[in-house]
């Protein structure tokens with residue numbers, strides 16, 4: 001077997017690193033990743049793609065300077081900051097690898113995760129492997145307590161919302177960006193998100209297509225971020241909280257209607273039960289007085305209303321709102337089912353068209 005043939009049998013890995021205002025760390029961290037990838041050449045071919053997402057500092061200039069004398073390093077530029085989702089979709093469209101690894105340029109997940117992710121996806125034949133510091137064996141270091149608390153809670157919320165299936169392991173990190181993807185599968189997902197919500201979107205659409213998703217324990221370490229006091233984290237806390245909430249809505253939109261509707265229905269039962277009990281009581285008392293049956297119910301209701309009008313008003317209004325929310329929940333459920341079936345159907349047609357095109361090109 002000649003050397004060229006051996007090279008062709010090695011998996012080809014595209015490593016994507018989005019960057020925004022990273023001038024303080026970009027050269028050191030890119031050198032670290034580049035040296036690591038050179039050390040993997042005995043087992044895989046690779047390319048390194050950096051997306052300068054409209055940085056206002058020297059990130060783009062420094063990235064170009066780094067890539068100038070290096071092969072297999074490509075710099076993509078956005079004229080404006082279009083945020084993470086756009087940056088990743090831009091990079092994904094240009095990746096040539098059999099597998100695509102996304103790594104944060106701050107190296108809060110060390111480059112060593114690349115080989116571990118590659119080993120896992122080859123071994124399991126999964127479509128996505130996620131680096132998770134939240135699963136058993138994972139570790140979190142030097143992350144501020146409040147950030148750590150919010151990150152854990154956001155992922156637990158999303159994991160609760162995400163549908164379970166027999167194709168994938170239990171997922172503990174839905175918002176995490178550090179992952180490896182099957183390159184062919186990734187290009188078929190038709191992603192739309194423009195910001196951090198692209199990570200839950202990928203999981204959601206992969207689950208629709210019954211893709212296998214697994215995790216490896218990872219070490220999230222913010223030591224490199226803490227060293228640069230003047231460098232702000234790319235995370236925008238409030239925006240991320242909102243996006244996590246909205247991602248949960250995408251996974252199970254009906255729960256955001258049905259659960260409040262059931263809660264309001266339970267709240268409405270107290271005043272409505274009071275109305276029923278007192279109306280029955282007055283009805284029986286009017287029967288003892290010999291009042292005509294046709295008049296008993298209306299008089300009993302009227303007497304109960306005079307005694308406590310707010311029970312009728314509050315109970316009735318809350319009941320109507322509860323019924324509307326529960327109805328909206330069922331409509332959202334049907335709409336979600338319709339979207340998933342349509343997405344699955346269109347994706348299947350797309351897959352078949354691509355396979356047919358490949359055969360015709362041979």
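When 55, 23 are screened for being in contact with a helix residue (DSSP H, G or I) (Cβ under 8 Å, 6 or more places away or on another chain), touching a residue at least 24 places away in the same chain (Cβ under 8 Å) and assigned to a loop (DSSP other than H, G, I, E, B), only 23 passes.
So, of the residues in region 68-107 that are under 19 Å from the mean Cα position of the chain (by Cα) and outside any helix (DSSP H, G or I), which turns out to be modelled with the lowest pLDDT? Don't jump to the end; show me each part of the working.
Taking region 68-107 first, the residues under 19 Å from the mean Cα position of the chain (by Cα) are 82-92, 100-104.
From what is left, the residues that are outside any helix (DSSP H, G or I) are 82, 100-104.
On the way: 82: 88, 100: 98, 101: 98, 102: 98, 103: 97, 104: 94.
Applying the filter and picking the extreme gives 82.
Every condition in (1) assigned to a loop (DSSP other than H, G, I, E, B); (2) at pLDDT below 95; (3) over 15 Å from residue 22 (Cα atoms) holds for residue 156 except the one numbered (1). If the condition is being free of Cβ contacts under 8 Å to residues at least 12 places away in the same chain and either assigned to a loop (DSSP other than H, G, I, E, B) or within 19 Å of residue 104 (Cβ to Cβ) (or both), then region 35-52 contributes 35, 39, 41, 42. If I filter region 221-232 for residues that are crowded, with 16+ Cβ neighbours inside 10 Å and modelled with pLDDT of 80 or more, do I get at least one hit? Yes, because at least one residue in region 221-232 is crowded, with 16+ Cβ neighbours inside 10 Å and modelled with pLDDT of 80 or more.
The values are calculated or read from the model by the stated rules, or taken from the named source; none is laboratory data. On a predicted model such as this, the values are computed, not experimentally measured, just so you know. Note: ideal-geometry Cβ built from the backbone for every residue, glycine included; neighbour counts use all protein chains shown.
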